[in-house]
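The values are calculated or read from the model by the stated rules, or taken from the named source; none is laboratory data. On a predicted model such as this, the values are computed, not experimentally measured, just so you know. Please note: Cβ atoms are built from the backbone with ideal geometry, for glycine as well, and neighbour counts cover all protein chains shown.
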């Protein structure tokens, strides 16, 4: 009887672990589809709003993908270290999930990420001067997922070029993929 019980517990654990691994891939695909389709309600499922500290560079990163008054408003939010509310998430969705994020995220091989723990996309360019790609890492031990958009530009005669990264951090909380923060480098 004890052996049967231990076997059943082991079998349950093995199935739960496999289901969790599958659900990560499924959750990433659901998140990717929601962002691509601009389905704000479905995308919000991956955020526990409001977020009092969305990251030290959250609004700055969003402002880099904006123009005019939208950029000015985002810069003011960055100065005040404003929390991410549902209203602001909806209003600035296209700046949070900008073209580079969507283009690279669509090409991410979620199966490789799930199986190996790391994957990257090919490099993209919109103008043959600025290049970017997405590097994704998943640490199953800690439940941390990192989606980094890494870019560089080739400098012209008067420029040296430059490098940057937008780093989106997620955690697995009770089996659910949740946004943690956004930071920048470069």
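Some observations on this one:
- Total residues in segment 62-74, condition in a helix (DSSP H, G or I) and either surrounded by 16 or more Cβ atoms within 10 Å (Cβ to Cβ) or in contact (Cβ under 8 Å) with a residue 40 or more places away in the chain (or both): 5
- Residue under evaluation residue 127, criteria (1) more than 28 Å from residue 71 (Cα to Cα); (2) more than 17 Å from the chain's Cα centre (by Cα), criterion not met: (1)
- Qualifying positions in segment 152-165 - under 30 Å from residue 49 (Cα atoms) and modelled with pLDDT under 95: 164
- Residues that are outside any loop (DSSP other than H, G, I, E, B) and without any contact (Cβ under 8 Å) to a residue 40 or more places away in the chain were ranked within segment 33-61; the one that is surrounded by the most Cβ atoms within 10 Å (Cβ to Cβ) is 59.
- Residue 67 satisfies every condition listed in (1) farther than 19 Å from residue 104 by Cβ; (2) in contact with a helix residue (DSSP H, G or I) (Cβ under 6 Å, 6 or more places away or on another chain) except (2).
- Filter result (surrounded by fewer than 18 Cβ atoms within 10 Å (Cβ to Cβ), touching a helix residue (DSSP H, G or I) at 6+ places or on another chain (Cβ under 9 Å) and not in a loop (DSSP other than H, G, I, E, B)) within segment 114-128: 115, 118, 124
- Odd one out for residue 23, checked against (1) at pLDDT below 95; (2) buried (at least 16 other Cβ atoms within 10 Å of the Cβ); (3) within 24 Å of residue 103 (Cβ to Cβ): (3)
- Test: residue 170 is surrounded by 13 or more Cβ atoms within 10 Å (Cβ to Cβ), touching a residue at least 40 places away in the same chain (Cβ under 8 Å) and assigned to a helix (DSSP H, G or I): no
- Residue check, residue 101 within 14 Å of the chain's Cα centre (by Cα) and either in a helix (DSSP H, G or I) or touching a residue at least 12 places away in the same chain (Cβ under 8 Å) (or both): yes
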